[in-house]
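Data block below; observations after.
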Amino acid sequence: MQLREKLSSLSSRKGSRVILALDVHNDVYAKPMGFRGEARRALMDKATKLLLELEDLIVAAKVGLPLALSTGLDFVEDVIKSFSDRLAFICDFKIADVGFVSELVADAAFSVGFDAVIAHAIVGVADGLKPLVDHARRRGRGVLALCAMSHRGAEEILNPLFDKLLEAALKAGVDGFVLPATFPHYISRARLLCKHALIVSPGVGVQGASFGSAIRAGADYEIVGRAIYDSPSPRGAAEKVVRAIEEVT
Ligand code: BMP
């Protein structure tokens, strides 16, 4: 099933629009080599327990470099295999390279079972996003394009290019956009320009935007990391996000 349909079917089934950013970490590489195995196992345990605890409250897990580098992709593949009927998996390596290399990275992600990869739209269409999107399509997977970011520095260089980035992403034929809850006007504008686009949005919770605010601005899903996994009660925190989103929908 394509990412969009998978997310939407899981969302209707669970009554949730939450994507968990699974950035759990424990400084594996700061430890001497002989102790890394133990640290790695502890981290794998933590990630697996979180997904077990939250699987009915979230529609997807977004896995980025912090977890993938610490545990390796074999572990990620095992996790995807165990949960793929209940969760979508989005690979967030923020690919930003020439098409050939982007395809190599995406290939690794797709081979371990990810439904989609996130790529920077800043690389442009020709020999950048386009071959990546074509490649993903051939493998039946998706590409989400990052067209604006959530941190303050994004407003210095990247976000002022938003219209061009969105246009490039559309031209390349991506499946959707990653847009910041902290600057919701980008979400509203994308929704206005592309009524049916898939929009996922980080920046709620620890980064300052309120839960539900990205959905109110026009996003389909909110990406939440620390506010859930760093909470003393991840389940309680996730329930709070789900409720806040319900209130605005
Ligand atoms: P948190 O809720 O802990 O702030 O996590 C947000 C997640 O969204 C992180 O995985 C981060 O890499 C990602 N993200 C972001 O915060 N801003 C962006 O503009 C794009 C992102 O992918």
request  = Can you pull the one-decimal nm distance between simple spin-label points at Thr249 and Tyr29, each 7 Å off the Cα toward Cβ?
outcome  = 3.7
message = So with the 1.4 Å probe, I'd like the accessible area per residue for the chain, rounded to whole Å².
response = 45
ask   = When the chain is modelled as a GNM with alpha-carbon springs shorter than 10 Å, which of Glu103, Glu239, Glu155 fluctuates the most?
value = Glu155
query = With every protein chain left in place, what is the accessible area of Val178 in Å² (1.4 Å probe, nearest 10)?
reply = 10
note = Between the modelled labels at Ser84 and Leu69 (7 Å from Cα along Cα→Cβ) the distance in nm is 2.6
remark   = The summed charge of the Ala145 Cβ neighbourhood (under 13 Å; Lys/Arg +1, Asp/Glu -1) stands at +1
query = Lys14: which lysines have alpha carbons under 16 Å from its alpha carbon, excluding same-chain residues fewer than 8 sequence positions away?
reply = Lys6, Lys240
task = Would you mind telling me the share, in percent, of accessible area of the range 153-197 contributed by carbon and sulfur at probe 1.4 angstrom?
result = 61
note = Excluding ligands, DNA and RNA, the carbon-plus-sulfur percentage of the accessible area of the range 1-126 with a 1.4 Å probe reads 58
task = Count charges around Val200 for me, please; just the other residues with Cβ under 14 Å from its Cβ, Lys/Arg as +1, Asp/Glu as -1.
result = +1
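The values are calculated or read from the model by the stated rules, or taken from the named source; none is laboratory data. Computed from a predicted structure; not experimentally measured. Positions of Cβ are backbone-derived with ideal geometry, glycine not excepted, and every protein chain shown enters the neighbour counts. These accessible areas exclude ligands, DNA and RNA; they are computed on the full protein's heavy atoms, side chains included. Shrake-Rupley method; radii C 1.70, N 1.55, O 1.52, S 1.80 Å.
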